[in-house]
1. So what is Rg over Rh here for segment A:155-239, counting just Cα atoms and using Kirkwood for Rh?
2. Identify the GluC sites (Glu not before Pro) of segment A:146-194 meeting these criteria: DSSP loop state and at most 16 other C-beta atoms within 10 Å of the C-beta.
3. Count charges around residue A:351 for me, please; just the other residues with Cβ under 10 Å from its Cβ, Lys/Arg as +1, Asp/Glu as -1.
4. First check a/c for the protein assembly as shown, with a ≥ b ≥ c the square roots of the eigenvalues of its C-alpha gyration tensor; if it is under 1.5, answer rounded, and if not, answer prolate when a/b is larger than b/c or oblate otherwise.
5. Mind checking segment A:183-261 for GluC sites (Glu not before Pro) that DSSP puts in a loop (not H, G, I, E or B) and that have at most 15 other Cβ atoms within 10 Å?
6. Gaussian network model of chain A, Cα springs within a sub-10 Å range: biggest mean-square fluctuation belongs to which of A:202, A:349, A:15?
7. Mind checking the mean number of beta-carbon atoms from other chains within 10 Å of the Cβ atoms in A:134-142?
8. Using the Kirkwood radius over Cα pairs, work out the Stokes-Einstein diffusion coefficient for segment A:278-361 at 4 °C and 1.567 mPa s, in µm²/s as a whole number.
Amino acid sequence: MNARDTLARIQALPAPLRPIRVLNVCGGHERSITELGLRSLLPDWVQLIPGPGCPVCVCPEEAIHQAIQMALLHPLTLVAFGDMLRVPVNLNKGEANSLAAARAQGADIRPIASPLEVIALARSLAPRPLVFFVAGFETTLAPVAAMLAEADLPANLFLQLAGRRTWPAVEFLLQAGSSFEAMIAPGHVAAIMGANEWRFVAEKYALPVAVAGFAADTLLTGLHAVLRHALRHEAALDNAYPAVVKADGNPQAQALLAKAFDIVDAPWRGIGSIPASGYRLTSLHAARDASLQFPVAISGHKRSGQMPAGCDCAAVLLAHKRPSECRLYGRACTPESPIGPCMVSDEGACHIWWRAGERVATA
Amino acid sequence: MCLGVPMKIVSLHGERAFAEALGVRREIALSLLPQPWPHPGDYVMVHVGYAIERVDATLAEESHTLWQAMEAGRDA
């Protein structure tokens with residue numbers, strides 16, 4: 001069925017008395033929803049809300065500060081995905097408060113787009129140490145795990161991990177009391193981990209959930225499935241992206257993840273610690289742990305774990321507020337001069353809304 | 001980082017391949033895929049330089065249309 005027909009089927013659903021809020025937890029979904037203009041096409045009673053689907057946004061300040069100090073104080077090169085470089089942390093005036101600011105002070109910090117680039121760069125810089133600062137969800141950590149399994153990985157390559165798992169954040173939101181009636185699960189995370197990883201939303205929390213991809217047809221198919229179930233007060237798991245997502249995911253990728261990383265409790269910026277939501281290098285790779293090899297003291301956080309003053313990025317990540325409800329949105333905070341991480345990252349909801357032309361601040 | 005790009009395999013060499021999408025050719029890694037690996041002409045979904053799953057040609061076309069629409073929207 002094509003996207004237009006699926007949209008018509010959604011528009012033909014009977015309107016409930018109260019709106020149905022549908023959470024997404026992937027910056028890619030939020031980007032598709034916003035850029036396709038789905039909010040203006042769907043009935044008024046459907047509310048599409050972005051959640052914690054931005055790995056750069058939830059990366060703890062302490063991890064960024066550690067990377068900054070490592071690059072400033074040790075003779076090494078540090079690389080990170082480009083989004084990470086401009087994320088500001090709360091530090092005292094005069095201190096480099098982002099990786100970009102540290103680079104301006106002379107640290108050798110470079111943006112990369114792939115672990116393949118990191119391997120090539122490590123080879124060309126050897127024996128100079130190269131630290132790969134990794135933020136990301138399963139879709140990024142699986143490639144990093146594959147990189148670690150390479151036979152002739154350069155000995156001068158080290159990692160600082162700030163990767164996170166997606167589903168524990170959703171369970172955290174559900175345990176806190178759900179602010180949504182249905183959800184769309186991230187298609188490419190599910191391609192790796194399997195659609196079944198999201199079954200708990202239906203079975204434990206009695207909410208409809210659909211795995212969806214990023215084009216209009218799969219996204220609308222997923223939305224139609226969860227809305228139809230929500231209207232009937234049914235809970236079910238649907239896979240609206242079967243061309244890419246299998247029930248149990250990609251076994252090779254999962255085996256590499258298990259070999260590379262242990263699962264640990266981990267802090268999320270603006271949210272707090274979430275059980276079993278982070279990755280740590282297994283003992284096999286302990287010698288590549290940058291925080292052990294290049295120790296730094298990171299103290300003096302004014303508001304540890306928090307977002308910048310006045311910034312509602314935390315409420316946006318927790319699905320309590322929409323980007324335009326932040327007092328700073330489009331006023332003090334724009335992609336050109338961002339205050340909170342949600343306006344920095346390509347996957348941040350504020351950045352996505354602003355880039356798509358959403359100019360009405362409703363705060 | 002979560003935006004995947006479907007790419008068409010052009011040639012294989014060991015655990016790597018050359019693949020192209022929207023006229024851009026780049027080297028990708030195949031090591032996240034279960035065996036047997038794809039052949040030249042097959043499509044894969046690529047994340048940060050690594051193929052994470054095989055996809056069919058129709059899905060790849062639809063994704064490229066979406067991608068181009070987004071880039072057009074971004075420039076507007």
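A short reminder: the numbers here are calculations on the coordinates, not readings from a lab. Computed from a prediction, not measured in an experiment: that's the story for all the values here. Every residue, glycine among them, receives a Cβ derived from its backbone with ideal geometry; neighbour counts consider all protein chains shown.
1. On the way: Rg = 14.9 Å, Rh = 13.7 Å.
Result for segment A:155-239 is an Rg/Rh of 1.09.
2. On the way: sites: A:150, A:171, A:181; in loops: A:150, A:181.
Here the sparse-neighbourhood loop sites are A:150.
3. On the way: positive: A:31, A:355; negative: A:30, A:83, A:346, A:347.
It works out to a net charge of -2.
4. On the way: a/c = 1.67, a/b = 1.21, b/c = 1.37.
Verdict is oblate for the protein assembly as shown.
5. On the way: sites: A:197, A:203, A:234; in loops: A:234.
Sparse-neighbourhood loop GluC sites (Glu not before Pro): A:234.
6. Residue with maximal mean-square fluctuation among A:202, A:349, A:15: A:15.
7. Working: counts 1, 1, 4, 2, 3, 9, 5, 0, 5.
Mean number of neighbouring Cβ atoms from other chains: 3.
8. Numbers: Rh = 15.0 Å.
Reported coefficient: 87 µm²/s.
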